[in-house]
1. Of all residues in region 35-49, count the ones that are touching a Leu at 6+ places or on another chain (Cβ under 7 Å), among the hydrophobic types (A, V, I, L, M, F, W, C) and more than 11 Å from Val3 (Cβ to Cβ).
2. Pairs needed: first member in region 269-294, over 27 Å from Ile635 (Cα atoms); second member anywhere, of a type in the set (Val, Ile, Thr) and in a loop (DSSP other than H, G, I, E, B); C-beta distance under 8 Å; at least 6 residues apart or different chains.
3. In the set Arg54, Arg110, which member is among the basic types (Lys, Arg) and in a loop (DSSP other than H, G, I, E, B)?
4. May I ask you to say which residue of Ile291, Ile201 is touching a helix residue (DSSP H, G or I) at 6+ places or on another chain (Cβ under 6 Å), under 30 Å from Leu392 (Cβ atoms), more than 15 Å from ligand 1 (Cβ to nearest atom) and assigned to a loop (DSSP other than H, G, I, E, B)?
5. I need every pair where a residue in region 608-635 that is on the phi > 0 side of the Ramachandran plot and in a loop (DSSP other than H, G, I, E, B) has its Cβ under 7 Å from the Cβ of a residue that is surrounded by fewer than 24 Cβ atoms within 10 Å (Cβ to Cβ) and not hydroxyl-bearing (Ser, Thr, Tyr), sequence separation at least 6 or different chains.
6. All but one of (1) away from ligand 1 (no atom under 13 Å from the Cβ); (2) touching a residue at least 12 places away in the same chain (Cβ under 8 Å); (3) within 24 Å of Val193 (Cα to Cα) hold for Thr52, so report the exception by its number.
7. Mind listing just one residue for me: the one in region 24-38 that is within 16 Å of ligand 1 (Cβ to nearest atom) and buried (at least 21 other Cβ atoms within 10 Å of the Cβ) and, of those, nearest to the chain's Cα centre (by Cα)?
8. State yes or no: is Met512 surrounded by fewer than 20 Cβ atoms within 10 Å (Cβ to Cβ) and modelled with pLDDT of 95 or more?
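The values are calculated or read from the model by the stated rules, or taken from the named source; none is laboratory data. Quantities reported herein were computed from a predicted structural model and do not represent experimental measurements. Neighbour counts run over all protein chains shown; Cβ positions are idealised from the backbone, glycine included.
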Amino acid sequence: MTVTYDLQNKIGVITINNPPVNALSQPVREGLKGTIEKAQHDDSELLIIICTGRTFMAGADISEFGKMPMEPSLPDVVNLIEASAKPVIAAIHGTALGGGFEVALACHYRIAVPSAKVGLPEVKLGLLPGAGGTQRAPRLAGVKNALDLITSGQPMKAARAQSIGLLDALVEGDLLTGAIEFANTLLADKPEVRRVGEITIAPAQIEPGLFDAYRARLAKRARGQIAPQKIVACVEAAVNQPINKGLELERKLFVECLLSSESQGLRHLFFAERKAAKINGLSKETRAKAIQSVGIIGGGTMGGGIAMNFANAGIPVTLLEIDEQALQRGKDIIASNYGITVNKGKLSGAEAEKRLGMIRGTTSYDDLAEVDLVIEAVFEDLAIKQTVFKQLDAVCKPGAILASNTSYQDIDAIAAVTRRPQDVIGLHFFSPANVMKLLEVVRGDKTSDEVLATAMDIAKQINKVPVLSRVCYGFIGNRMLRPYAREAQLCLIEGATPEQIDRVMENWGMAMGPLAVGDLAGIDIGYKARQGLSDEEKGDPKSYCIADRLVAMGRLGQKTGAGYYQYDPASRARSSDETIIRVIEEEATKQGVVRREISDDEILDRLTLALINEGFNILEEGIAQRSSDIDVVYIFGYGFPAYRGGPMAFAENRGLKKVYARICQFGEQFGQQNWTPSTLLKELATDNKSLAQWEKEQA
Ligand code: 3HC
Ligand code: NAI
């Protein structure tokens, strides 16, 4: 039974049991409705709503969205609770989120254990709270607090929630016992039925211009998204309109959000992120190993950031460098990074010291003999990496996991120099490694299931989003980036400017345009990578001659103050640079290209479709387990707009037939070399099949 009822003296205890997170699925709504209605006519004088398992209700059932609505609706259940003639107490543990917290807001009293969190995270799904949250939260906590809670979607700790009026009391110890005690205290005093909906907010209390200020701020922070603006409209209605009118508006705007492509994309991402951590074919009995200490080889850009991840999670790190000087440099950068966080007020000085203290430096491999996991982050050179792995093989204890953070090298070729290829894996972090959420877990031919399971497990512990990839040049993310970057370069030489390309991609939702990214990462990185490739592997010189020229000019990007743009030394603000246009024109002449006007639409299609076509190749070759994994890679690693659901979901929504037709058109216009449609895409477009159907058939 998902909802049970137990009458204890005068207290009716309603218990919800819908694992894993007590989502408000149809049986829960129906059970709640029936129980509340019945309890109006029994001997109870007061009701408690409480949940079993790890949490209070964590929201509406997201998997029901987009399907036929099933009665009773959540708003009806919530309104029924508020209308109850008998007082209702919500007893909260775990996370009361979204519709779950809206149930609590409709109760007449709310108590929680101190470890609980409450929140209205709907905005993260492209939605707004659709069961009274936008109306009741401001009535209890004030307009500003409610706007912050709902537009950020961040969960709030119980103590803070109590301090702003969202909770009435915190109870230590067993929650049900505490709730019954709380109820008995109320009963001793003839408890009021305190309906939040009956509270009025005096418009005079609201700072003039407050709503417009939020609208302006959110238009910047949540560029291109509709839900945050609609949330402001609903909270404004909570001030200016009676509750029934406010609820009507909330419902209307909620449905508009629900039907939006923004919400579809974000809901897809919610499930995609959770699916990505699952490895097909892994036996349920496979257990992750415990990782209690980590070794890191190379304390440069990546090694330092990777070390911080583990220190932040309380896992001690031994950082190995070639010599004392390199070690000191690495440690100084880590200390300075923690210092920046402390200065921003996001970490206390004492905590930063503690974390720094978890990172021990060494120049001797002997100090890695006992670690459970080693991550190599030395120069991107196969021979150097193989030398490192031979040394690791010689000193590390049996069963230790040996990982490489390589961006492009063949994990199997690295594993082959050890006597334990089953323990070798790729763990590809993204820069800055202490910030970016993505972790590509690269499975070598011989990597064992236990090692794979451990990689997924440790990723969660250090707060990363892991995605499994098989071995290929660049794995999932960097392999797809190549054709995307190629098209950016070709658009540049054929007639566009860096500003136009970056503006088109940023307006479309990319966190940064491709040329601005080039300047941030350093134009020399791609240049150096190209030096190891044959002319054939390098591809069309038109796709890299401008970058090579900039490197020759010493314009490596932000770090040298100029690249595709000029950078202000103090603010790092970018500005256009006439020199670059001259360079592009000269290179175009050398390559025999007559520059032309390129439309914004062409830029957008060439860049996104090049990315998508490679995504289909990756899927077909089995490099990625599923299309949604590719979406997760691009959203968490490359600044792809989450509200577009990722490149593969975007292609699916646009329609595979249309995507295929446009790629064929580019093939006719620019040649097959760059525009051979993926066989899988062609097959699906020809058979009129969606990716979802194809993946179902493959399962
Ligand atoms: N609906 C459906 N399934 C849900 C769900 C929900 N609201 N919340 C979690 N799940 C599922 C997950 O998909 C996952 O399934 P799986 O095991 O098959 O992969 C399982 O529950 C466990 O979830 P997590 O792996 O995320 O577990 P954690 O312990 O890491 O996190 C959590 C728990 C903090 C509750 C997290 O799951 C979460 O944030 N959930 C979503 C909360 C949310 O967005 N609520 C608002 C929903 S929209 C709404 O309420 C609209 C209303 O206003 C009308
Ligand atoms: P880096 O040049 O900043 O750091 C490399 C460090 O390794 C240097 O401090 C060097 O002293 C040290 N080192 C070199 N050989 C060593 C050895 N034999 N033993 C111990 N230490 C040694 O390089 P970065 O950028 O940190 O890259 C490291 C690895 O991470 C490369 O494989 C790279 O492809 C990969 N990577 C880099 C990303 C980036 O954006 N920089 C992103 C993801 C992966």
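1. 2
2. Within 8 Å, the pairs are Ile291/Ile315; Gln292/Ile315; Ser293/Ile315; Ser293/Val371; Val294/Ile315; Val294/Val371.
3. Of the residues listed, the single one that is among the basic types (Lys, Arg) and in a loop (DSSP other than H, G, I, E, B) is Arg54.
4. On the way: Ile201 fails: under 30 Å from Leu392 (Cβ atoms).
Exactly one of Ile291, Ile201 is touching a helix residue (DSSP H, G or I) at 6+ places or on another chain (Cβ under 6 Å), under 30 Å from Leu392 (Cβ atoms), more than 15 Å from ligand 1 (Cβ to nearest atom) and assigned to a loop (DSSP other than H, G, I, E, B), namely Ile291.
5. Gly622/Arg470
6. (3)
7. Leu24
8. Values: surrounded by fewer than 20 Cβ atoms within 10 Å (Cβ to Cβ): yes; modelled with pLDDT of 95 or more: yes.
In short, yes.
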